[in-house]
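The values are calculated or read from the model by the stated rules, or taken from the named source; none is laboratory data. Here the structure is a predicted model, which is why all the values come from computation and not from measurement. Positions of Cβ are backbone-derived with ideal geometry, glycine not excepted, and every protein chain shown enters the neighbour counts.
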Amino acid sequence: MFKVRQDEPDYAFIPEVEVPDVNRYGKKIQLVDQHDDLAGKSLNINGDPSISDSPNRYKQHGFYFNADNCISCHACESACSEKNDLPPHLAFRSVGYVEGGTYPNYARLNISMACNHCDDPVCLKGCPTRAYTKFAEYGAVLQDPDICFGCGYCTWVCPYNAPQLDTTKGHVQKCNMCVDRLEVGLKPACASACLAGALDFGVIETTPENRDQLKTQIPGFPDPEISHPNIRFQQTKSLPREMTRPDNIPVRYERDEQGQNGFNTKVRGNGGKPEWNLGKLRSREDPLVIFTLITQTVVGAFLILYLGPKFGLGELTVGAHPVLYPSLLLALLGIQTFALALSTMHLGKPHRFYRAFNNLRYSPVSREIAGIAVFYNLLGVYTLLSALPVLFGWQPSSLINGLLSIVGWCAVIAGPVALYFMYRIYRIKARPFWNHWQVLTAFYGNMLALGGMIVLLVYGAVLVSQTHSITHLGSSLSALIATGLLIEMIGLFFHARDLEHQGGEAAASHYRQRTTYGKTYIARNIGLALTLAATLLLAVSGLDGIAGYTGWVLAGMLMTAVAVVGRSLFYVLVIPTTMPGAFFWHNPGFQEHARETGLAEMAQVGVVTDKH
Amino acid sequence: MARQADKILNDLERAVFQSVYRSRTQRLRRITAIQILLLKHITGGLLFLWPLYVILLAVLLTPVTSRHLIYLLALLPGLLVWFYIHISGAREDYRQHVRNHILGKGFIKDLFRKS
């Protein structure tokens with residue numbers, strides 16, 4: 001246990017104060033019922049009854065931040081790092097700022113932020129491994145790095161940048177509220193270390209000494225409705241009409257002259273020129289680009305292979321091509337295995353992938369993995385039954401056919417359901433660029449277009465080599481491919497329109513889409529339109545033989561390139577509704593610079609190199 | 001005596017630890033531990049990717065033709081990535097539970113339980 005020093009000053013102890021029954025979100029502050037066995041009892045740790053004997057032990061605690069007082073000395077950061085023995089590239093608490101005005105009327109608002117131990121912790125619900133727990137003791141949200149397998153989903157969903165992904169160790173860590181200090185009556189290390197009386201700690205909704213306000217928002221702080229954070233602010237000094245961030249996120253905060261919200265988030269910058277930046281399309285999520293596209297292709301191809309013959313596509317029956325049909329199924333199985341294996345490579349601890357199934361009740365990641373696992377296993381059984389009938393020759397054929405039909409239909413249902421779960425992963429309030437139905441149209445659109453194209457190209461090659469016509473197959477599948485492309489285009493149109501209307505980080509993502517990646521974005525859209533035009537043209541023209549097949553190959557190549565670029569853009573363009581960083585710390589622009597110039601090789605700079 | 005090298009605080013204890021750590025019994029136990037970890041991780045991984053056996057069966061049951069090449073192409077990438085993942089899993093468990101540890105009598109049970 002933590003030992004209290006002899007000369008610990010009074011301000012380092014949590015004061016005992018009157019506590020209201022409920023917080024501003026209507027939730028009880030007392031987290032354990034008054035009549036519960038736990039209520040009001042010491043845990044008597046190590047035979048010491050003075051440990052954890054606080055009467056407020058089972059009440060929700062939280063941080064109090066007085067923005068007027070913070071001088072950005074970073075003492076809270078240092079105390080936290082020392083207490084938790086953190087490496088330079090990690091900080092459970094960090095101080096960022098927003099600034100505005102011009103000299104001499106320059107103003108800067110510093111914000112010290114760590115985990116807010118939310119009433120509705122989105123990290124806990126999102127974590128597929130159940131590494132998070134919200135404890136009745138102090139209402140702390142704690143995370144176990146030994147359970148975590150480093151998927152980083154909690155870092156996506158948290159609006160406050162609290163969970164920190166340690167890429168060198170392959171797991172996430174976060175603020176633990178210094179629970180060991182709380183057990184002996186002390187405030188967390190950060191609050192005790194604050195020089196300026198800016199950071200304080202106590203039971204939530206109790207106004208600390210020398211404070212008047214308990215606000216839930218200040219400029220730069222994300223919408224508290226996302227997770228009901230346990231932090232309260234005081235900010236009384238007047239601020240300029242417009243504030244900006246020191247990091248490279250193109251967002252500014254403009255005072256809302258009419259409304260009550262204080263500041264509105266707007267896009268910073270205009271007139272930026274469109275650029276390519278193809279090299280910047282690479283990201284940590286590269287395995288997910290390949291995984292999502294391959295999975296959508298395999299689901300689409302299987303649906304066409306299974307349902308095609310039932311809708312009059314005679315070329316796709318097993319009888320028509322007894323060798324090709326099972327070979328394509330085996331190939332689909334192979335590439336789906338590869339995609340699944342590749343998706344685990346994006347984890348910090350790939351060999352702990354099986355923990356992804358631990359939180360089916362809440363986590364969309366768990367549901368996605370479970371959905372795809374079900375489809376993958378059904379595909380395996382279906383392939384086994386249809387590709388290797390010799391193994392089941394001793395069974396009546398009616399039984400095998402019946403089984404094939406059941407497994408096939410189950411896989412037909414399981415595939416699109418798995419893609420729906422895949423889409424749900426990206427409905428994250430803290431990432432407005434993803435939080436749109438366009439993600440679903442993109443996933444289902446790719447399923448139809450890429451799945452249809454792969455079946456067409458594989459069957460087309462065999463048909464052409466046997467000097468058969470591909471026009472019937474081409475025109476039939478082109479309807480599906482065109483539908484898929486059209487669905488995706490409609491989704492993209494409404495996505496771009498809604499991003500503009502939504503404002504804030506959503507509009508900032510769209511701004512970056514039109515500037516930093518502007519030419520790439522336009523090229524992708526033109527590519528999509530060209531693929532649709534080529535698909536329709538090839539279907540209508542009736543071009544056959546090698547010439548026709550070459551046309552389909554070119555259309556397929558263009559479609560694949562468009563899909564890869566589109567999905568890469570999807571991952572790199574997202575701007576989270578996160579806390580403002582500082583000039584160096586938590587500034588993606590500086591991190592990029594440090595990696596390019598080799599500064600990142602110096603551990604004390606606090607930026608990990610790309611080597612990890 | 002400490003059971004982990006990183007918990008040793010003084011030279012005398014370190015010397016005792018090293019003499020036990022380098023003993024024949026401990027060496028044999030470490031070799032057994034490596035085999036158990038490999039078996040555990042690779043078997044576990046193969047259970048998850050059982051559909052790949054279907055491709056393997058297809059390779060074995062089909063008369064040698066150009067189709068073999070296609071099946072092998074479908075089989076190998078997934079198999080290699082999975083193999084890499086599980087070897088690294090075994091390696092991490094070795095680092096955490098075997099290297100610089102004195103393995104007691106119940107180490108086999110511990111390896112299955114902890115890692």
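Taking the stated definitions as given, is A:Glu500 in a helix (DSSP H, G or I), of a type in the set (D, E, K, R) and surrounded by 19 or more Cβ atoms within 10 Å (Cβ to Cβ)? The answer is no for A:Glu500. Note on segment A:362-388: residues that are part of a helix (DSSP H, G or I), of a type outside the set (S, T, N, Q) and facing another protein chain (nearest Cβ under 10 Å) total 10.
Can you find a residue that is free of Cβ contacts under 8 Å to residues at least 40 places away in the same chain, more than 21 Å from A:Pro208 (Cα to Cα), in the same structural domain as A:Met243 (by TED's automatic domain parsing) and within 38 Å of the chain's Cα centre (by Cα) anywhere in segment A:12-24? No - not one qualifying residue is present in segment A:12-24. So which of A:Val574, A:Val607 ends up being within 30 Å of A:Ala482 (Cα to Cα), touching a helix residue (DSSP H, G or I) at 6+ places or on another chain (Cβ under 7 Å) and in a loop (DSSP other than H, G, I, E, B)? Matching residue, one of A:Val574, A:Val607: A:Val574. Of the residues in segment A:522-544, at least one is in contact with an Asp or Glu (Cβ under 9 Å, 6 or more places away or on another chain) and modelled with pLDDT of 95 or more.
One residue alone among A:Leu324, A:Leu330 is more than 7 Å from chain B (Cβ to nearest Cβ), modelled with pLDDT of 90 or more and in contact with a Phe, Trp or Tyr (Cβ under 8 Å, 6 or more places away or on another chain), and that residue is A:Leu324. Contact annotation: residue pairs with Cβ atoms under 7 Å, 6 or more positions apart or on different chains, pairing a residue in segment A:272-294 that is in a loop (DSSP other than H, G, I, E, B) with a partner that is among the aliphatic types (A, V, I, L, M), are A:Pro274/A:Ile522; A:Ser283/A:Val572.
Given the condition within 8 Å of another protein chain (Cβ to nearest Cβ) and surrounded by 15 or more Cβ atoms within 10 Å (Cβ to Cβ), answer yes or no: does some residue in segment B:93-115 qualify? Among the residues of segment B:93-115, not one is within 8 Å of another protein chain (Cβ to nearest Cβ) and surrounded by 15 or more Cβ atoms within 10 Å (Cβ to Cβ), which makes the answer no. Selection of segment B:5-51 for residues being part of a loop (DSSP other than H, G, I, E, B) and facing another protein chain (nearest Cβ under 10 Å) yields B:Leu49, B:Trp50.
Residues considered: A:Gly527, A:Gly542, A:Gly556, A:Gly589. Of these, the only one that is over 30 Å from A:Gln438 (Cβ atoms) and not hydrophobic (A, V, I, L, M, F, W, C) is A:Gly542.
Checked against the criterion of being surrounded by fewer than 23 Cβ atoms within 10 Å (Cβ to Cβ), of a type outside the set (Asp, Glu) and free of Cβ contacts under 8 Å to residues at least 24 places away in the same chain, the candidates A:Pro416, A:Pro396 yield just one match: A:Pro396. With the requirement that a residue be touching a Ser or Thr at 6+ places or on another chain (Cβ under 6 Å) and more than 8 Å from chain B (Cβ to nearest Cβ), what does segment A:340-355 give you? Correct list: A:Arg355 only. Out of A:Leu360, A:Leu342, A:Leu293, I need the residue that is farther than 24 Å from B:Ile70 by Cα and either in contact with a Cys (Cβ under 9 Å, 6 or more places away or on another chain) or aliphatic (A, V, I, L, M) (or both). Which one? Residue meeting the stated conditions: A:Leu360.
Of all residues in segment B:52-65, those being surrounded by fewer than 17 Cβ atoms within 10 Å (Cβ to Cβ) and either closer than 21 Å to A:Phe338 by Cα or at the interface with chain A (Cβ under 10 Å from one of its Cβ atoms) (or both) number 5. Restricting segment B:68-91 to residues that are without any contact (Cβ under 8 Å) to a residue 24 or more places away in the chain and within 7 Å of chain A (Cβ to nearest Cβ) leaves a set whose member that is surrounded by the most Cβ atoms within 10 Å (Cβ to Cβ) is B:Ala74. I'd like to check something: does segment A:247-263 contain any residue that is within 14 Å of chain B (Cβ to nearest Cβ) and under 23 Å from A:Pro576 (Cβ atoms)? No; the residues of segment A:247-263 include none that is within 14 Å of chain B (Cβ to nearest Cβ) and under 23 Å from A:Pro576 (Cβ atoms).
Checking each residue in segment A:554-591 for being more than 23 Å from A:Phe221 (Cα to Cα) and free of Cβ contacts under 8 Å to residues at least 60 places away in the same chain picks out A:Leu554, A:Met557, A:Leu558, A:Ala561, A:Val562. Considering segment A:161-181 alone, what residues qualify as being over 21 Å from A:Ala603 (Cα atoms) and either in contact with a helix residue (DSSP H, G or I) (Cβ under 8 Å, 6 or more places away or on another chain) or buried (at least 23 other Cβ atoms within 10 Å of the Cβ) (or both)? Across segment A:161-181, the qualifying residues are A:Asn161, A:Ala162, A:Cys175, A:Asn176, A:Met177, A:Cys178, A:Arg181. When A:Leu316 is tested against (1) away from chain B (no Cβ under 13 Å); (2) more than 12 Å from A:Leu477 (Cα to Cα); (3) in contact (Cβ under 8 Å) with a residue 40 or more places away in the chain, only condition (2) is not met.
If you go through segment A:192-220 and keep only what is in contact with a strand residue (DSSP E or B) (Cβ under 7 Å, 6 or more places away or on another chain) and of a type in the set (A, V, I, L, M, F, W, C), you end up with A:Ala198, A:Leu199, A:Phe201, A:Val203, A:Ile204, A:Leu214, A:Ile218. Mind checking whether some residue in segment A:474-488 is within 30 Å of A:Gly152 (Cβ to Cβ), out of contact with any Ser or Thr (no Cβ under 7 Å at 6 or more places or on another chain) and assigned by TED's automatic domain parsing to the domain that holds A:Ile546? There is at least one residue in segment A:474-488 that is within 30 Å of A:Gly152 (Cβ to Cβ), out of contact with any Ser or Thr (no Cβ under 7 Å at 6 or more places or on another chain) and assigned by TED's automatic domain parsing to the domain that holds A:Ile546. Which one is surrounded by the fewest Cβ atoms within 10 Å (Cβ to Cβ), of the residues in segment A:58-85 that are touching a Phe, Trp or Tyr at 6+ places or on another chain (Cβ under 7 Å) and part of a loop (DSSP other than H, G, I, E, B)? Among residues in segment A:58-85 that are touching a Phe, Trp or Tyr at 6+ places or on another chain (Cβ under 7 Å) and part of a loop (DSSP other than H, G, I, E, B), the one surrounded by the fewest Cβ atoms within 10 Å (Cβ to Cβ) is A:Ser72. If I filter segment B:98-112 for residues that are basic (Lys, Arg), at pLDDT 90 or above and over 30 Å from A:Thr383 (Cα atoms), do I get at least one hit? Taking every residue of segment B:98-112 in turn, at least one turns out to be basic (Lys, Arg), at pLDDT 90 or above and over 30 Å from A:Thr383 (Cα atoms).
A residue that is assigned to a loop (DSSP other than H, G, I, E, B) and surrounded by fewer than 20 Cβ atoms within 10 Å (Cβ to Cβ) occurs somewhere in segment A:543-555. Any residue in segment A:215-233 that is closer than 25 Å to A:Tyr362 by Cα and among the acidic types (Asp, Glu)? Within segment A:215-233, one or more residues are closer than 25 Å to A:Tyr362 by Cα and among the acidic types (Asp, Glu).
Residues that are assigned to a helix (DSSP H, G or I) and among the aromatic types (Phe, Trp, Tyr) within segment A:389-413 comprise A:Phe392, A:Trp409, listed in sequence order. Taking the criterion of being modelled with pLDDT under 90 and either under 30 Å from A:Glu596 (Cβ atoms) or in contact with a Phe, Trp or Tyr (Cβ under 7 Å, 6 or more places away or on another chain) (or both), would at least one residue in segment A:284-293 satisfy it? Yes, the conditions are met somewhere in segment A:284-293.
Exactly one residue out of A:Asn248, A:Asn210, A:Asn230 is of a type in the set (S, T, N, Q) and farther than 21 Å from A:Val95 by Cα, and it is A:Asn210.
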